[in-house]
Amino acid sequence: MLRLAREVVAVVRAESAGSALRAALTTIARAYEPGDALARALATAWLEPARDSESALAVAWAEEQLRLALEDVLAADVARGHVRDDLSLGTLSWLLRAACETMAREAPGLIAERIEALLAFVVRH
């Protein structure tokens with residue numbers, strides 16, 4: 001997951017300001033696709049936290065790094081007036097990361113639609 005957080009940062013840096021959030025969400029959603037190694041590893045980590053608290057802590061820390069990467073994207077978009085500002089950046093980035101995480105249980109054909117729904121929720125119109 002730390003690799004994913006680094007990938008999100010790299011993708012965002014390569015994108016134009018208007019498409020950085022879409023690129024970040026797409027990158028994260030792809031990593032959580034059903035059957036992906038990350039989705040399998042997280043499922044294992046969630047099911048066995050009592051047996052391996054060190055792994056559970058590592059996953060929680062990596063999840064926070066991913067959330068912080070999203071928060072950075074959102075902060076830039078809020079400054080430009082592109083993203084809603086009625087929720088804290090911490091809450092909004094947490095919601096987006098959690099929503100992307102649930103895509104591990106979605107039908108692959110619905111991922112693009114889910115990303116559009118997230119963008120509609122976040123982006124100012």
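Going by the structure shown, is residue 70 modelled with pLDDT of 80 or more and either under 17 Å from the mean Cα position of the chain (by Cα) or part of a helix (DSSP H, G or I) (or both)? Walk me through it before giving the result.
Details: modelled with pLDDT of 80 or more: yes; either under 17 Å from the mean Cα position of the chain (by Cα) or part of a helix (DSSP H, G or I) (or both): yes.
Taking the combined requirement at face value, the residue satisfies it.
For the stretch 78-104, how many residues are outside any loop (DSSP other than H, G, I, E, B) and out of contact with any helix residue (DSSP H, G or I) (no Cβ under 6 Å at 6 or more places or on another chain)?
Step one: filter the stretch 78-104 for residues outside any loop (DSSP other than H, G, I, E, B), giving 78-79, 83, 89-104.
Next, from what is left, pick out any that are out of contact with any helix residue (DSSP H, G or I) (no Cβ under 6 Å at 6 or more places or on another chain): 78-79, 90-91, 95, 98, 101-102.
Matching residues across the stretch 78-104 total 8.
Of the residues in the stretch 113-125, how many are in a helix (DSSP H, G or I), surrounded by 11 or more Cβ atoms within 10 Å (Cβ to Cβ) and not charged (D, E, K, R)?
6
The values are calculated or read from the model by the stated rules, or taken from the named source; none is laboratory data. Keep in mind that this is a model prediction, so the values were computed, not measured. So basically every Cβ, Gly included, is an ideal-geometry build from the backbone, and we count neighbours across all protein chains shown.
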